[in-house]
Amino acid sequence: MEGNLNALTTIFTEFYYWVTIVMMFLIHVGFCMYEVGVSRRRNHLKTLMKNAMAIPLVTITFYFFGWWIYFGFPNGPGIAGGLVTAPFAEPWNPLMGTHLSGVNPGETGVTPTDAALWHRLNGVFWGAFLLFSITTASIISGSIIERARSGAFWIVAVLVGSVLWILDASWGWHPQGWMVKLWGYHDAYASGVVHAIAGGAALAFLIVLGPRIGKFRPDGTAREIPPHNVWLVTIGLFLIFTGFWGFYAACNIPLISPATIAGQITGETWTATNIYLAPTTLSAITFNFLMSLSGGMLAGYIVSKGDPFWTFSMGLCGIISASAGNDLYHPIQALLIGAIVPTICYKLHYFVERRFKIDDAVGAVAVHGYGGFLGVVVAGFMLWGQPSSPYEGFAHISPLGNFAGAVLMFALGFVPTFVVCKILNSMNLLRVPAKVELEGFDFALNHAFETSVREVGTAEKAMIK
Amino acid sequence: MSTNGMESWAVDLKDVGAIYPFQGSEVVMVIIGLVFWIGWHVLQTRQENAEIEADMAADRTGDETRKAIDRH
């Protein structure tokens, strides 16, 4: 009976994560629609492909090394211990393929315990984390449209999606991460570990890349470059909201016993937990997800005077800004955080654009970067003194720990991306020439399309009797 | 000190109730939430009035309106 219960729990968990992966794919449908909607007609196809090709590139690199980084680096290494061995996450390990829980004869590094736990969960855990990875990379894509080279973005997408974000997840989004142990860092639904780091990377890319031609008037004031299709933009954002349900669910462990956690929790009550294995419920995150989304949209409508682009974007920012503590907030707290933080981010977007001439085409730095950063900081105050982990000896959640964590997340995105973009720029690989930018990225494709239409039309007309 | 009263997870979960911060201030939070909601309607109505006034003042000749009708 106990064996069957364990099997049922494992298979339920496997199915649960599989469903979240399918739901999270909608985030990328949304990102593509949103980005194409914002770009001008002469740039559609290349804009679509720039974003879409991040999916296979981050997928294969996350298989090769991203997944292993998550399990190998929780101690830094060198901050709270050494490198952790994680044979089940090495790309050459049998557990990184079809596996049925036994240990093959002669198989080194895999224990029966590893095999029993990971044979069904490895693929779906890997997939769920991969979808976070692709999201992190995709966030950067929209801000740099209509002048960045696709190849430059894809290099940065791999850097951020398969190295930087998963490194910060290992530090601050792992039950044994050193930031959780030593700083009490709390970021349950990834305000910092996904959004702040992506916002930091996007800002670095934008600084090196420069604005689109025509974005700023000769006197330095900004021109609006309106989306070519606001419908597509808003439907894209709706799909991102929908996919975020999967994102949130995937940040939880759906069902676990106190004995399996092996921390301090006593008794026999099974529970859902957050990523740190501390108890929460799906109901809690349902309340708080919807209330923070609503706070963002309501504030966004007023602040932007009903602008669809910003109303929807601030809804997303509302979720992001409450995500760090949405496992523990009261729904009205989530509503108010979701309203106040995006309002600050909206103001910051235009301040930074005006003051530093940063052309962020989709407001990604504001929505994800500032929203994620402030969300982590706010959680430090709201959850002050609460246990960050069910394990003994971990630091408690505090404003200082979360502030330091937010700075680290943003900087971990910003600094390496800035260096890589500088190198790419020095090799003329970051930005297309001005002539290509003015012609539009799809110039040759559109020309070939028109030639084909003319040719086939001429052939068809010649057959009319 | 902890904002939700939990200092440690060394507990039996069947004995734990609410775990959100600042328990005991639910009524105050609801009042703040209601003020936010009503305030939103007030601000939205003011903005919509201003928009309608601007629309009323626009296109005195009716030319733009005719074009808009033609565009459907």
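The values are calculated or read from the model by the stated rules, or taken from the named source; none is laboratory data. Predicted model, so just to flag it, every value in this text is computed and none were measured. A quick note on method: Cβ atoms are made from the backbone with ideal geometry, for glycine too, and the neighbour counts reach across all protein chains shown.
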Discussion item. Yes or no: region A:313-320 includes at least one residue that is among the hydroxyl-bearing types (S, T, Y) and under 14 Å from A:F241 (Cβ atoms).
Written reply: yes
Worksheet item: Is it true that some residue in region A:140-158 is crowded, with 24+ Cβ neighbours inside 10 Å, under 17 Å from A:M24 (Cβ atoms), within 16 Å of the chain's Cα centre (by Cα) and not polar (S, T, N, Q)?
Response: yes
Worksheet item: Counting only residues that are over 17 Å from A:Y248 (Cα atoms), within 11 Å of chain B (Cβ to nearest Cβ) and either part of a loop (DSSP other than H, G, I, E, B) or modelled with pLDDT under 95 (or both), how many does region A:306-339 have?
Response: 1
Worksheet entry | Selection from region A:239-276 of residues that are modelled with pLDDT of 95 or more and part of a helix (DSSP H, G or I) | A:L239, A:I240, A:F241, A:T242, A:G243, A:F244, A:W245, A:G246, A:F247, A:Y248, A:A249, A:A250
Practice prompt. Answer yes if at least one residue in region B:6-16 is small (G, A, S), part of a loop (DSSP other than H, G, I, E, B) and farther than 20 Å from A:I397 by Cβ, and no otherwise.
Written response: no
Item to complete: Go through (1) modelled with pLDDT of 95 or more; (2) closer than 28 Å to A:L277 by Cβ; (3) facing chain A (nearest Cβ under 7 Å) one by one and return the number of the condition B:Q23 breaks.
Response: (3)
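Which helices (runs of 4 or more DSSP H) does region A:23-85 wholly contain that include 1 or more residues that are free of Cβ contacts under 8 Å to residues at least 12 places away in the same chain?
The helices (runs of 4 or more DSSP H) meeting that bar are A:54-61.
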Worksheet item: Quick check: anything in region A:406-429 without any contact (Cβ under 8 Å) to a residue 40 or more places away in the chain, among the aromatic types (F, W, Y) and within 21 Å of A:G371 (Cβ to Cβ)?
Response: no
Item to complete: Collect the residues in region B:11-20 that are surrounded by 13 or more Cβ atoms within 10 Å (Cβ to Cβ) and facing chain A (nearest Cβ under 7 Å), keeping them in residue-number order.
Response: B:V11, B:L13, B:I19, B:Y20
Item to complete: Could you list, in sequence order, all residues of region B:38-51 that are more than 7 Å from chain A (Cβ to nearest Cβ) and surrounded by 12 or more Cβ atoms within 10 Å (Cβ to Cβ)?
Response: B:G39, B:E48, B:E51
Worksheet item: When both residues are 6+ apart or on different chains and their Cβ atoms are under 6 Å apart, which pairs have a first residue that lies in region A:291-312 and is under 21 Å from A:P227 (Cβ atoms), and a second that is in a helix (DSSP H, G or I) and among the aromatic types (F, W, Y)?
Response: A:G300/A:W310; A:V303/A:Y346; A:S304/A:W310; A:T311/A:Y301
Worksheet entry | From A:G385, A:G393, A:G371, residue being buried (at least 17 other Cβ atoms within 10 Å of the Cβ) and either within 14 Å of another protein chain (Cβ to nearest Cβ) or modelled with pLDDT of 95 or more (or both) | A:G371
Fill in: The listed residue being more than 14 Å from chain B (Cβ to nearest Cβ) and either assigned to a helix (DSSP H, G or I) or modelled with pLDDT of 95 or more (or both), out of A:L232, A:L290
A:L232
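Please state which one of B:A54, B:A68 is surrounded by 10 or more Cβ atoms within 10 Å (Cβ to Cβ), hydrophobic (A, V, I, L, M, F, W, C) and either more than 7 Å from chain A (Cβ to nearest Cβ) or part of a loop (DSSP other than H, G, I, E, B) (or both).
B:A68
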Worksheet item: Is region A:121-138 home to any residue that is hydroxyl-bearing (S, T, Y), assigned to a helix (DSSP H, G or I) and within 17 Å of A:G405 (Cα to Cα)?
Response: no
Worksheet item: If you check A:V22, A:V103, A:V110, A:V84, which single one turns out to be of a type in the set (A, V, I, L, M) and within 25 Å of A:G243 (Cα to Cα)?
Response: A:V22
Worksheet item: Within region A:357-365, is even one residue in contact with a strand residue (DSSP E or B) (Cβ under 9 Å, 6 or more places away or on another chain), in a helix (DSSP H, G or I), touching a residue at least 60 places away in the same chain (Cβ under 8 Å) and surrounded by fewer than 22 Cβ atoms within 10 Å (Cβ to Cβ)?
Response: no
Worksheet entry | Condition broken by A:E353, with the remaining ones in (1) surrounded by 24 or more Cβ atoms within 10 Å (Cβ to Cβ); (2) in contact (Cβ under 8 Å) with a residue 60 or more places away in the chain; (3) assigned to a helix (DSSP H, G or I) satisfied | (1)
